[in-house]
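As structure tokens, the structure follows; a few thoughts come after it.
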Amino acid sequence: MPESPRRAKTKKILSPDDWIDAATELLISKSIDAVRVESLARELGITVGSFYYHFKDRNDLLSKLLKRWHERTTTQVLRTFEGRVFSAEEVLDEVLALPFHGLTARRAAMIEFAIRAWSRRDDMARQAVREVDQQRLTYYSKGFQGMGFGKAEANSRAFTLYSFQLAQSLLWDLNDDKARKRQLIFTKELLLAPRQK
């Protein structure tokens, strides 16, 4: 006797990352308000009960989404630089080029700006963004100090570098590749130039 279609149907098993991926998609395409357990379950074609196997509640999911964003876009990136032998100038080249890494950079920018929009009205997201900003700026400042700039000037140069990165991600469609390359070269020269007295 053939097995009934209901019994033959395999059960979908999702990992926490599947839920976080789906939440990230909704965050990007709609807003944080759209990231609801029921909506995610519907998107994934699974019961709400599966969600509670991995997460205590919606807040737990959102906290893990922010933690993963921090890990992937900051901690892992900085660890890559720290784990290899680069001169300070080579690190600057690499860091300046981050917004130009094609589709990967565009995707990262979409996630980043969705999280920043969310952070304007949520304390948990605001704290996560503040920690990421501080970690990146501290790393950049240390790099400039390694090039011989004093701490105050290194902090200013780090802020200028970070502003360039965010602006390139935000204003991507404003320029073509040639203009972006010119801006990158100009910014590097500006950041490495000694300050005029």
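Since every read-out is calculated from the coordinates, none of them should be taken as a lab result. Remember, it's a predicted structure, so these values are computed and weren't measured experimentally. Neighbour counts are summed over all protein chains in view; Cβ atoms, including those assigned to glycine, are modelled from backbone coordinates with ideal geometry.
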Checking Asn59 against (1) in contact (Cβ under 8 Å) with a residue 24 or more places away in the chain; (2) surrounded by 12 or more Cβ atoms within 10 Å (Cβ to Cβ); (3) assigned to a helix (DSSP H, G or I), the condition it does not meet: (2)
Under 7 Å between Cβ atoms, at least 6 apart or on separate chains: pull out the pairs that start in the range 169-197 with a residue that is surrounded by fewer than 13 Cβ atoms within 10 Å (Cβ to Cβ) and end on any residue that is assigned to a helix (DSSP H, G or I) and not hydroxyl-bearing (Ser, Thr, Tyr). Arg195/Glu153
Kindly indicate which of Leu192, Leu170 is farther than 24 Å from Phe113 by Cβ and out of contact with any strand residue (DSSP E or B) (no Cβ under 9 Å at 6 or more places or on another chain). Leu192
Collect the residues in the range 99-137 that are over 13 Å from the mean Cα position of the chain (by Cα), over 23 Å from Asp173 (Cβ atoms), part of a helix (DSSP H, G or I) and touching a residue at least 12 places away in the same chain (Cβ under 8 Å), keeping them in residue-number order. Met124, Leu137
